[in-house]
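A short worksheet on the structure shown next.
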Amino acid sequence: MSNGEPEILMPTGERATGEFVSQPAKLLRIAAMIRELLEEVRKSSPDDAGRKRLRSIYDKALSTLKEGLSEDLQKELETLTLPLESSSSESEIRLAQAQLVGWLEGLFHGIQAALWAQHAQARAQFDEMRRRGLPSGPSEGGEERREPGQYL
């Protein structure tokens, strides 16, 4: 892809389109870090230097997140997050971080729902194959089980 985004290929060899995440483990780590930062900001009242550091971490986290997201998800994230100004208050930083954590949690719920739907679809396909009487694979002894058919 021309924008530096990693190319995701489907089993059919086609390029993935729509919403997808190429690096879910990275997203989980960033989400955990941001959640922890948000908790720390709630416990304390950062001074000016602390707020500058939080803004820097927030900006870096956003750019790193975008690296693992499809173009559609990048656009969605950009519309929901606003850059923090150099004079951002503690509450603005707190709100920006909470918004980002909420978006990430929604993304993770979406991934879980998609995985569940894929599992349900695979199970339905498997059940359909069994219903049609297709061979179900090798038995415990390593020999292929043969179901009685039309011809004996």
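The values are calculated or read from the model by the stated rules, or taken from the named source; none is laboratory data. Please read all numbers here as calculations on a predicted model, not as lab measurements. Glycine gets a Cβ as well: all are built from the backbone with ideal geometry, and neighbour counts include every protein chain shown.
Six or more apart or on different chains, Cβ atoms under 6 Å: show the pairs whose first residue is in the stretch 67-94 and of a type in the set (Ser, Thr, Tyr) and whose second is assigned to a loop (DSSP other than H, G, I, E, B).
Ser70/Glu19; Ser70/Phe20
What tally of residues in the stretch 91-120 results from selecting those that are closer than 17 Å to Glu40 by Cα and either surrounded by 16 or more Cβ atoms within 10 Å (Cβ to Cβ) or under 20 Å from the mean Cα position of the chain (by Cα) (or both)?
Within the stretch 91-120, residues that are closer than 17 Å to Glu40 by Cα and either surrounded by 16 or more Cβ atoms within 10 Å (Cβ to Cβ) or under 20 Å from the mean Cα position of the chain (by Cα) (or both) number 9.
State all residues of the stretch 62-98 that are within 18 Å of Leu37 (Cβ to Cβ) and outside any helix (DSSP H, G or I); if no residue qualifies, say none.
Selection gives Thr81, Leu82, Pro83, Leu84, Ser88, Ser89.
The rows are residues; the columns are (1) more than 16 Å from Gly102 (Cα to Cα); (2) without any contact (Cβ under 8 Å) to a residue 60 or more places away in the chain; (3) in contact with a Phe, Trp or Tyr (Cβ under 7 Å, 6 or more places away or on another chain); (4) of a type in the set (Ser, Thr, Tyr).
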residue: Lys26; (1), (2), (3), (4): yes, yes, no, no
residue: Arg29; (1), (2), (3), (4): no, yes, no, no
residue: Ala32; (1), (2), (3), (4): no, yes, no, no
residue: Leu38; (1), (2), (3), (4): no, no, no, no
residue: Ser44; (1), (2), (3), (4): yes, yes, no, yes
residue: Asp47; (1), (2), (3), (4): yes, yes, no, no
residue: Arg53; (1), (2), (3), (4): yes, yes, no, no
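Among Ala114, Ala122, which is farther than 17 Å from Ile57 by Cβ and at pLDDT below 85?
Step by step, each of Ala114, Ala122 is checked, and only Ala114 is farther than 17 Å from Ile57 by Cβ and at pLDDT below 85.
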